[in-house]
Amino acid sequence: MKNKKSKLNLSSGVMSVVASFICIIIGLLVGLVILYCINSENALDGFSRIIKGGFYLMPKGIGTVLSQAAPLIMTGLSVAFAFKTGLFNIGAAGQYTLGALGALYFALVLHMPWYVCLLAAMVFGAVWGAIPGIFKAYFNVNEVITAIMFNWIGLYAVNEIIYRGAIGDMYDLKTTKTYSLRNAAPQSVIPDFGMNSIFNTKSTTIAIFIAVAIAVLIYIVINKTTFGYELKACGHNKDAARYAGINEKRNIVLSMTIAGALAGIGAGLYYLSGVAEWNPQVSTALPAMGFNGIPVALLALSNPIGVIFAALFVSHITVGGGYLPTKYFQPEIADVIIAVIIYLCAFVMLFKGVVANALSGRKKKDVPNSGKGADE
Amino acid sequence: MGNSEYIIEMLNITKEFPGIKANDNVTLQLKKGEIHALLGENGAGKSTLMSILFGLYQPTSGIIKKNGKEVKINNPNDANALNIGMVHQHFKLVECFSVLDNIILGIEPAKGLFLSKKGAREKVLALSDKYGLKVDPDAIISDITVGMQQRTEILKMLYRDNEILIFDEPTAVLTPQEIDELMKIMKNLANEGKSILFITHKLNEIMAVSDRCTILRKGKYIGTVNIADTTKEELSKMMVGRSVNFKVDKKPANVGNTVLKIENMTVPSKMHKNNAVKNVSLEVHRGEIVCIAGIDGNGQTEFVHALTGLEKMSSGTILFDGEDISKASIRERSKSGMSHIPEDRHKHGLVLDYTLEQNMVLQRYWESDFQKAGFIKQGAVREYAERLIEQYDVRSGQGPATIARSMSGGNQQKAIIAREIDKNPDLLVAVQPTRGLDVGAIEYIHSQLVAQRDKGKAVLLVSLELDEVMNVSDRILVMYEGEIVGELDPKTTTVEELGLYMAGAKRKTGGQV
């Protein structure tokens with residue numbers, strides 16, 4: 001009995017992975033076709049650069065992939081966590097923006113050590129996540145609508161706080177961005193323990209390990225704890241959760257708060273690693289890192305461990321896209337491929353079904369399909 | 001067409017699912033113009049067999065013949081083309097459409113790009129007249145009764161000129177009056193030459209309307225009998241594989257002190273402006289089964305929700321074991337010894353996407369037996385679930401790891417009952433605990449309720465089934481339009497008298513019960 005059960009679980013897990021891989025392969029093929037349409041001579045070269053991704057330019061590329069993946073894991077977790085409670089956290093981008101403010105303010109203005117800045121990013125993101133949660137739980141306002149509103153409110157508020165008519169404390173007139181952390185607040189940069197010298201980069205820090213550790217933590221919370229049990233119960237069946245005495249309103253708020261906190265940490269990991277600075281005048285679009293959490297969560301089928309790999313993959317081909325010869329191609333080709341893959345993610349369930357059928361079809365063959373001869 | 005005696009034949013049908021043989025060499029032959037019942041316990045394979053006939057599943061082996069000619073049914077459209085129609089247990093109606101729109105949905109008569117409903121309306125009215133199917137073609141589905149929704153489903157089949165009509169447990173959702181009416185309609189249809197397949201596990205209904213009956217047990221074909229030559233007892237024996245006791249065995253009640261005392265409970269309605277429960281006062285004592293009888297929609301649901309904490313009362317008090325729990329949370333009520341077998345097992349009773357074991361601890365995952373420092377003790381949960389599965393005979397494909405959604409209705413209900421009774425509650429609130437279940441399961445659940453009573457626990461049963469009300473309870477309270485209109489003793493009252501109270505034709509004056 002037990003044996004049989006573990007076998008079934010395994011094959012279901014394998015099917016999910018296979019299905020995700022099918023999406024990736026189709027997405028890559030579509031990318032290849034696009035490359036051919038644009039410039040057939042250099043298509044294969046360009047394609048191989050995308051596929052090689054971070055490996056194209058060793059070891060620097062790997063370092064870049066890792067530093068990009070860390071925040072992406074966090075925003076992916078943010079969306080995946082909310083999914084588990086039946087909520088769609090489209091507000092990861094806004095929570096990420098607030099997280100960036102928290103991290104930068106504590107670093108550049110208060111000159112706090114990096115872990116305090118990271119906590120600040122978490123708290124700022126959590127507050128921004130909690131608001132749609134509260135609206136959803138107590139006023140029955142759809143969290144998608146509130147979150148989208150708060151994405152924009154957050155973005156422009158943060159821009160204004162940083163810029164303040166060019167006299168903001170964090171604003172560097174020379175670069176028109178926030179001050180570089182490495183110069184202005186070295187104590188707030190996440191340590192790299194020599195990783196930058198290994199990868200020959202400037203911003204490869206232990207952020208990736210922090211992100212992976214948090215992903216594992218989230219996996220444990222969702223699957224092993226009573227809290228995760230309650231959250232999932234609310235996500236699957238609100239009425240049954242209520243019947244079981246679970247406070248579903250509290251759980252909605254908590255779920256969104258934690259999702260916000262995760263996205264906030266993502267921003268902290270990004271800015272405190274010094275990958276980039278905030279540019280309040282150019283940043284009139286929501287940070288892509290926040291939105292990319294949605295495809296990462298989808299590709300991973302909301303599994304926190306899967307999120308790690310999905311985020312690594314997405315940053316891998318994004319970095320690969322950056323290595324395209326700009327003479328012939330735009331680096332955004334990588335975004336097109338990701339977009340196709342993400343679009344196909346919606347079909348992951350379908351592929352999973354196809355894979356399952358293919359597997360069971362093999363077993364069926366030895367069943368005789370003649371049933372002739374009625375018995376009356 | 002062929003000269004076969006049978007309009008539809010399903011010969012030697014076998015259907016395998018991973019881990020289970022849902023149909024094992026089953027043969028079903030339907031004569032033209034007959035009402036043929038398909039009888040079996042939950043999980044016996046009735047629904048699978050009908051899904052095969054309707055083209056939703058393909059048989060692993062076996063053939064289907066219509067009028068003696070072999071046919072392939074690959075999807076419901078094929079079934080439709082063969083004039084096979086089905087009324088599903090859960091209706092397939094568009095809630096915000098009118099009756100007429102639902103009937104013509106899919107085959108809308110059109111002139112150019114525009115609908116022309118005039119002809120359709122005439123045809124529907126003619127059919128409705130011919131078969132005594134009273135509907136208002138312009139009423140919106142969400143506004144009409146379940147009975148009228150069902151008649152709409154039947155008209156949908158007739159409108160498509162279906163010859164073979166499948167009724168999947170049609171009476172599960174109906175009141176006794178509506179059931180009587182449906183029986184009449186079915187007989188009418190058969191007299192007009194329609195052939196009917198009637199899936200059910202209610203023996204009374206089979207005896208009342210069917211000509212023949214095919215019995216399945218655990219996926220296997222047991223036999224086909226003429227109803228005229230058989231008895232209820234024989235049918236149930238074929239279905240369950242042993243003799244079934246229709247009378248509930250119970251000793252006289254040994255009534256103890258008061259467990260539950262409700263005073264002047266009033267609950268507002270969500271559907272209309274009036275109160276759903278009006279000034280209800282009652283007591284339940286240890287060692288007795290009190291039954292709240294009534295026709296569906298007379299405030300029972302709201303009453304139970306207010307009692308268990310799912311809804312708020314607008315006034316009144318609830319004393320449970322002497323303590324005022326009027327404002328207590330659902331969890332607090334559950335902790336203090338109240339168990340609730342909910343009316344809607346899919347909505348409230350189970351998290352369908354959880355495994356059976358996760359559902360088994362739904363009311364107690366937070367207890368120290370099942371968690372330590374917030375971490376669920378998987379081993380303890382598994383062990384507990386395995387014990388309940390064993391003790392309450394809950395059948396499923398993969399034991400405790402089965403996803404609840406994939407289990408049959410009867411076994412889902414058994415799982416809920418196992419969970420709620422095993423909490424060893426002082427008060428067990430059981431709302432229609434046997435709804436949609438077969439005689440074997442009903443017998444078992446009734447004996448569990450009586451066992452609770454005999455252990456000195458209080459049982460508050462809410463039921464629509466007259467048999468259940470009369471057989472199981474020690475005291476009957478009749479609810480009509482949100483009020484308790486009478487208290488009856490099942491030993492001295494009759495079904496007819498009970499019916500009069502339920503219909504509001506009779507009431508005890510004085511109010512207080």
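Bear in mind that the values in this text are calculations on the coordinates, not laboratory data. Since we're looking at a predicted model, the values are computed, not measured. A quick note on method: Cβ atoms are made from the backbone with ideal geometry, for glycine too, and the neighbour counts reach across all protein chains shown.
Tabulated values for the structure
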quantity: Separation between Cα centres of the stretch B:445-500 and the stretch B:54-100, rounded to whole Å; calculated: 40
quantity: Spacing of the two label points (7 Å from each Cα toward its C-beta) at residue A:116 and residue B:249, in nm; calculated: 7.6
quantity: Karplus-derived 3J(HN,Hα), 6.51/-1.76/1.60, for each residue of the stretch B:71-78, Hz, glycine and proline x; calculated: 10, 10, 10, 8, 7, x, 5, 4
quantity: Under 10 Å, Cβ to Cβ, from residue B:451 - net charge with Lys/Arg +1 and Asp/Glu -1; calculated: +3
quantity: For B:394-405, mean number of other protein chain Cβ atoms within 10 Å; calculated: 2
quantity: The stretch B:222-339 - Rg over Rh from alpha carbon coordinates, Kirkwood radius; calculated: 1.17
quantity: Chain B - percent relative contact order, Cα under 8 Å, separation 6 or more; calculated: 15
quantity: Amide H contacts under 5 Å for residue B:20, placed H, 5+ residues apart; calculated: none
quantity: For residue B:336, net neighbour charge (Lys/Arg +1, Asp/Glu -1) across residues whose Cβ lies under 10 Å away; calculated: -1
quantity: Residue B:505/residue A:209 FRET efficiency (R0 51 Å; Cβ-Cβ; nearest 0.05); calculated: 0.10
quantity: Residue-averaged [θ]222 nm for chain B, counting only DSSP H segments that reach four residues, each worth -39500 (n - 2.57); calculated: -9000 deg cm²/dmol
quantity: Alpha-carbon centroids, the stretch B:302-371 and the stretch A:170-226: separation in whole Å; calculated: 46
quantity: Rounded FRET efficiency, nearest 0.05, which uses the C-beta distance separating residue B:296 from residue B:495 and R0 of 25 Å; calculated: 0.90
quantity: Virtual spin-label span in nm between residue B:347 and residue B:118, 7 Å along Cα→Cβ; calculated: 4.2
quantity: Cα-Cα over 19 Å, subset of A:238/B:372; A:84/A:249; B:31/B:69; B:250/B:455; B:194/B:220; calculated: A:238/B:372; B:194/B:220
quantity: For residues of A:231-243, the mean tally of beta carbons on other chains within 10 Å; calculated: 6
quantity: Whole-Hz ³J(HN,Hα) from phi, Karplus 6.51 cos²θ - 1.76 cosθ + 1.60, for the stretch A:251-257, glycine and proline x; calculated: 5, 5, 4, 4, 4, 5, 5
quantity: Amide proton proximity set for residue B:71, modelled H, under 5 Å, gap of 5+; calculated: B:64, B:65, B:66
quantity: Antiparallel bridge percentage (DSSP; both residues within chain B; nearest 5); calculated: 55
quantity: Compactness index (Cα Rg / 2.2 N^0.38 Å), the stretch A:203-327; calculated: 1.27
quantity: Inter-centroid distance (Cα atoms) of the stretch A:270-317 relative to the stretch B:214-228, Å; calculated: 61
quantity: Inter-label distance, nm, simple model (7 Å from Cα along the C-beta direction), residue B:335/residue B:180; calculated: 4.9
quantity: Cα-derived Rg over Rh, computed across the stretch B:6-240 with Rh taken as Kirkwood radius; calculated: 0.97
quantity: Rounded to whole Hz, the Karplus (6.51, -1.76, 1.60) HN-Hα couplings of the stretch A:263-280, x for glycine and proline; calculated: 5, x, 4, x, 5, x, 4, 6, 6, 6, 7, x, 5, 7, 10, 7, 10, x
